[in-house]
1. Taking amide H positions as placed in the peptide plane 1.01 Å from N, state which residues far from residue 22 in sequence (5 or more) or on other chains have amide H under 5 Å from it.
2. Amide H neighbours of residue 29 under 5 Å, counting only residues 5+ apart in sequence or on other chains, H built in-plane at 1.01 Å?
3. What do you get for trypsin sites (Lys or Arg not before Pro) in segment 7-45 restricted to DSSP loop and a cutoff of at most 14 other Cβ within 10 Å of the site's Cβ?
4. What part of the accessible area of segment 2-56, given as a whole %, is carbon or sulfur when the probe is 1.4 angstrom?
5. Which whole-Hz couplings ³J(HN,Hα) result when phi for each residue of segment 35-48 is put into the Karplus expression 6.51 cos²θ - 1.76 cosθ + 1.60, θ = phi - 60°, listed in order with x for Gly and Pro?
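The values are calculated or read from the model by the stated rules, or taken from the named source; none is laboratory data. Owing to the predicted nature of the structure, the values given are computational and were not obtained by experimental measurement. Methodologically, a virtual Cβ is constructed for each residue, glycine included, from the backbone with ideal geometry; neighbour enumeration extends over all protein chains shown. Each accessible area value is taken on the protein alone, full model and side chains, heavy atoms only, with ligands, DNA and RNA left out. Shrake-Rupley method; radii C 1.70, N 1.55, O 1.52, S 1.80 Å.
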Amino acid sequence: MINLQQDADGFIRMIQHYPRSMSISVTFYDGTQEIFSGRRLNEIYDEALAAFRLGNNMDAKGFERIPAKRNLRKNAVSTVAVRPGMSQ
């Protein structure tokens with residue numbers, strides 16, 4: 001089981017999808033814990049990624065239609081907001 005720690009701003013570090021059947025323990029900033037399935041955390045990550053891309057005028061694949069310098073992680077998120085009760 002993987003244990004992720006929430007920071008003071010309410011985010012966990014997540015830069016990849018986890019296996020759907022994996023159980024992931026999230027320890028919140030207040031010390032409480034909740035078990036998330038990999039499927040649920042992947043859904044939360046995908047929602048955060050879609051919101052990031054929408055807010056930065058990117059298409060669904062993360063491409064800007066304006067030529068610019070290439071940054072491989074520019075079209076992705078590395079932290080995801082979580083709160084107690086999101087595991088359902």
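1. Here the answer is 38, 39, since their amide H atoms fall under 5 Å of that of residue 22.
2. Amide H neighbours of residue 29: 6.
3. Answer by residue number: 20.
4. With neighbouring chains kept in place, the figure for segment 2-56 is 52 percent.
5. Ordered by residue, 3J(HN,Hα) equals 9, 10, 7, x, 4, 5, 5, 5, 5, 4, 4, 5, 5, 5 Hz.
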